[in-house]
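Only one structure is covered here, and it is reproduced in the block below.
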Amino acid sequence: MNLKRITKSLFFFVSCVMIVLSCKSDRTRRSAGEFVDEETGEIIEKIEDIKKVYNLCPSPAEMLSIIEVSEMQFKTDLLNPTTNVDKYLDMRSLTLNLGIYVTDLAYAAIFGRREETINYLESVQDIAEKIRITGTVNEQLIERAKNNVNYIDSLFNISNEAFINMIFFCEKNERPSTIMLISTGAIVESLYLAANMIEVYDTSDNMIRHLADQGYALDNMITSSQSESGDPNVAYALELLKPLMDIYEQVEVTGGRMTIKKEGVGKLVIGGKSKNKLSEQDFIKLKETVAMIRNNIISNIN
Amino acid sequence: MKTIRICIFLCIWFISVPYIWSQDCSTYHEIGDCIMDRNKDYKIYSQSRSAVISATDTVEFSIVFYGQKDYICSFCTHQKFYPVNFRLIDPDTREVLYNNKEDNYIESLGIGFDVTKTIIIQVNVLARKAKPEEIKDYLSCIGLLMQYKNYPEKKVNLRM
């Protein structure tokens, strides 16, 4: 009786599998048809509303890449010391400081500082494991950094890879609040480092212009997290960033209409519009505000 | 009754798992056939992204492009979903600045930015090689691979 039941179930199961497989094989065997333009037009008309909007931000290494290594000096005292890692115990401060450390890593890499780059990479790995972003900064990446300490480009790429791996991991595992906290730490530290690399305010300084332009990245980051503002960590990050956004909203935008120049098939040049002008007063305010926010994060003041 | 339930569960599992797996698109721009410029001056831009798309979807990427840099934006998707139609849009005015339809749906575009700007890239697929039932039911990945390099010194045109 038992054997009969098993045979019946097996037969039923095999039949189901065969039905599934036969459907699939039929799909691949038929030759693909081609649409004529009218049909394509119909499809375009049927396109639904925008399905998803991705508001993206540059990595810390890209935000800091304006730094002219040849003209500027590496300042160790600007970085959050790696000895502070053990001070951060709760998930929120760990995640915010991961953003700080990954930016310090990028800063050290841009200057080609071998020892600091490896130290910060190890600290980033340490925190990433603690907040369960497992495997994003692995031994292979650290080994690659150790083997390429003499190549600034490689160190830059490795620091970028560490950041991108973490963001992709969080996107894949649907951890938007982790992305927001890491990005908040990263943008705050990028602004802090960039502002403190400027010795004297000068409108012709590329760094001043670049600092003014970071409003775009900040804006994209805030927009991307609006839908998650009910999450307490996202709300906390938005609260941290608000004073910075207030300053950027005051930044004067000069220049005329955006221009598009086509340089043959597949090549465009976009220019003309939106040059942001950071006044000396705005610069001082930005420098002070970002230092205050950053110190709250690294001192673990919630 | 129990056996039937198990069989139904197994059938659903067999049918759905390949579709679930096929929807992990996070690194498609790296592993798909997005065209990459091997010139060593070009670096991969961290805002390169991939997304799940069907033939009736439109996806938007809002991207910060830094000034004084040349970018290459390349798109890739499943072979049945080509051609890819993308448009560059001014986020302030929603004006379409460029539509690749003008250039016979090219998949790769070089863009130089004189000044820093946020641009929206709006993407959909025309799926000309797909059958009607595939258009309705299939999901695939769309990849946007971006590379950048600094402008050559002589090109600086800031008009500050």
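Values computed for the structure shown
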{"read-out": "Among residues of the stretch A:219-251, those that are part of a helix (DSSP H, G or I), at pLDDT 95 or above, among the charged types (D, E, K, R) and farther than 14 Å from A:THR184 by Cα, counted", "value": "1"}
{"read-out": "Sole exception among (1) surrounded by fewer than 24 Cβ atoms within 10 Å (Cβ to Cβ); (2) within 13 Å of chain B (Cβ to nearest Cβ); (3) in contact with a Ser or Thr (Cβ under 7 Å, 6 or more places away or on another chain) for A:ASN148, by number", "value": "(2)"}
{"read-out": "Some residue of the stretch A:180-197 being farther than 21 Å from A:ILE67 by Cβ, in contact with a helix residue (DSSP H, G or I) (Cβ under 9 Å, 6 or more places away or on another chain) and surrounded by fewer than 18 Cβ atoms within 10 Å (Cβ to Cβ)", "value": "no"}
{"read-out": "Entirely in the stretch B:78-149, the strands (runs of 3 or more DSSP E) that have 1 or more residues that are more than 19 Å from B:ALA51 (Cβ to Cβ) and more than 10 Å from every other protein chain (Cβ to nearest Cβ)", "value": "B:96-99"}
{"read-out": "Some residue of the stretch B:68-90 being crowded, with 21+ Cβ neighbours inside 10 Å, closer than 18 Å to B:TYR42 by Cα, of a type in the set (A, V, I, L, M, F, W, C) and free of Cβ contacts under 8 Å to residues at least 60 places away in the same chain", "value": "no"}
{"read-out": "Residue, farthest from A:LYS285 (Cα to Cα), within the stretch A:171-211, restricted to residues that are of a type in the set (Lys, Arg) and outside any loop (DSSP other than H, G, I, E, B)", "value": "A:LYS172"}
{"read-out": "Boolean, A:PHE156 is touching a helix residue (DSSP H, G or I) at 6+ places or on another chain (Cβ under 7 Å) and at pLDDT 95 or above", "value": "no"}
{"read-out": "Of the criteria (1) within 14 Å of chain B (Cβ to nearest Cβ); (2) not in a helix (DSSP H, G or I); (3) not acidic (Asp, Glu), which one A:GLN73 fails", "value": "(1)"}
{"read-out": "Some residue of the stretch B:10-18 being at the interface with chain A (Cβ under 9 Å from one of its Cβ atoms), modelled with pLDDT of 90 or more and either surrounded by 14 or more Cβ atoms within 10 Å (Cβ to Cβ) or touching a Cys at 6+ places or on another chain (Cβ under 9 Å) (or both)", "value": "no"}
{"read-out": "Lone unmet requirement of (1) out of contact with any strand residue (DSSP E or B) (no Cβ under 7 Å at 6 or more places or on another chain); (2) under 15 Å from B:GLU107 (Cα atoms) for B:CYS76", "value": "(1)"}
{"read-out": "Residues that are under 17 Å from A:SER183 (Cβ atoms) and aromatic (Phe, Trp, Tyr), drawn from the stretch A:89-128", "value": "A:TYR101, A:TYR107"}
{"read-out": "Any hit, the stretch B:98-118, residues being at pLDDT 95 or above, under 28 Å from A:LYS277 (Cβ atoms) and among the aliphatic types (A, V, I, L, M)", "value": "yes"}
{"read-out": "Residue tally, condition facing another protein chain (nearest Cβ under 9 Å) and farther than 19 Å from A:ARG294 by Cα, over the stretch A:196-234", "value": "10"}
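For every residue, the table says whether it meets (1) basic (Lys, Arg); (2) in contact (Cβ under 8 Å) with a residue 12 or more places away in the chain; (3) within 14 Å of chain B (Cβ to nearest Cβ); (4) not in a loop (DSSP other than H, G, I, E, B).
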position: A:CYS57; (1), (2), (3), (4): no, yes, yes, no
position: A:ASP77; (1), (2), (3), (4): no, no, no, yes
position: A:ASN80; (1), (2), (3), (4): no, yes, no, no
position: A:THR83; (1), (2), (3), (4): no, no, no, yes
position: A:ASN97; (1), (2), (3), (4): no, yes, no, yes
position: A:ASP104; (1), (2), (3), (4): no, yes, no, yes
position: A:TYR107; (1), (2), (3), (4): no, yes, no, yes
position: A:ILE118; (1), (2), (3), (4): no, yes, no, yes
position: A:GLU122; (1), (2), (3), (4): no, yes, no, yes
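The values are calculated or read from the model by the stated rules, or taken from the named source; none is laboratory data. Just so it is clear, the model here is predicted, and its values are computed rather than measured. Note that we place each Cβ from the backbone using ideal geometry, even for glycine, and neighbour counts take in every protein chain shown.
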